[in-house]
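The values are calculated or read from the model by the stated rules, or taken from the named source; none is laboratory data. As the structure is a prediction and not an experimental result, all values here were calculated from the model. Heads up, the Cβs are rebuilt from the backbone with ideal geometry, glycines too, and the neighbour counts pull from every protein chain shown. All accessible areas refer to the heavy atoms of the entire protein, side chains included, with ligands and DNA or RNA removed. Shrake-Rupley method; radii C 1.70, N 1.55, O 1.52, S 1.80 Å.
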Amino acid sequence: MLPDFNKRFNHIYSKIPAEVKPTTTSTKLTYASAFDSNFYLLLRERRCATLADMQDAVLEVESNIMAVEKLKGNVDRRR
């Protein structure tokens, strides 16, 4: 799902004419704000230099969140 989102985001971003294209910082903020607030904060903590770095970080953050949820599920089942 996230790879598809990244692909669509990049496709739309690439169509913006250079004279009105937002700054790198603005682009990263817009991209990050597409996610819920907790995910957004985890992503912003990575302090990615480029949009591509941020898009890679999204996949890592998602994996970490999924792992934590799985661990919580295992703990809940034990109780």
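Which percent of the accessible area of the chain is formed by carbon and sulfur heavy atoms (probe 1.4 angstrom)?
Values: 3340 of 6020 Å².
That fraction is 56 percent.
Which value at 222 nm does the chain reach when only helices count, each DSSP H run of 4 or more adding -39,500 (n - 2.57), with the total divided by all residues and rounded to the nearest 500 deg cm²/dmol?
Roughly -24000 deg cm²/dmol at 222 nm, from the helical runs in the chain.
Report the gain in length on full extension from residue 19 to residue 33: 0.36 nm times residue separation, minus Cα-Cα distance, nm rounded to one decimal.
Values: separation 14, 0.36 × 14 = 5.04 nm, distance 2.34 nm.
Residue separation times 0.36 nm, minus the Cα-Cα distance, leaves 2.7 nm.
Put 24, 50 in order of accessible area, largest first, 1.4 Å probe: what do you get?
Numbers: 24 80, 50 60 Å².
Result, largest first: 24, 50.
Among [x] 21.1, 68; [y] 15.0, 56; [z] 15.4, 59, which is the computed Rg and Dmax of the Cα atoms in Å?
Label [z] holds the value from this structure.
Counting other Cβ atoms within 10 Å, keep those with at most 13, restrict to DSSP loop, and tell me which trypsin sites (Lys or Arg not before Pro) in segment 1-70 are left.
Values: sites: 7, 8, 15, 28, 44, 46, 47, 70; in loops: 15, 46, 47.
Those that pass, being in a loop and sparsely packed, are 15, 47.
Lysine pairs in the chain with alpha-carbon atoms under 22 Å apart, 8 or more places apart or on different chains: how many are there?
Values: 7/15; 7/21; 7/28; 15/28.
Qualifying lysine pairs in the chain: 4.
Note the full-extension length gain between residue 53 and residue 67 as 0.36 nm times their separation in residues minus their Cα-Cα distance, in nm to one decimal.
Values: separation 14, 0.36 × 14 = 5.04 nm, distance 2.12 nm.
Computed gain between residue 53 and residue 67 is 2.9 nm.
What stretch of the chain, leaving out the sites themselves, is the longest with no GluC sites (Glu not before Pro) in a DSSP loop having at most 13 other Cβ atoms within 10 Å? Don't skip to the end; give the middle numbers.
Working: sites that count: 19, 45.
Between the exposed loop sites, the longest stretch runs 46-79.
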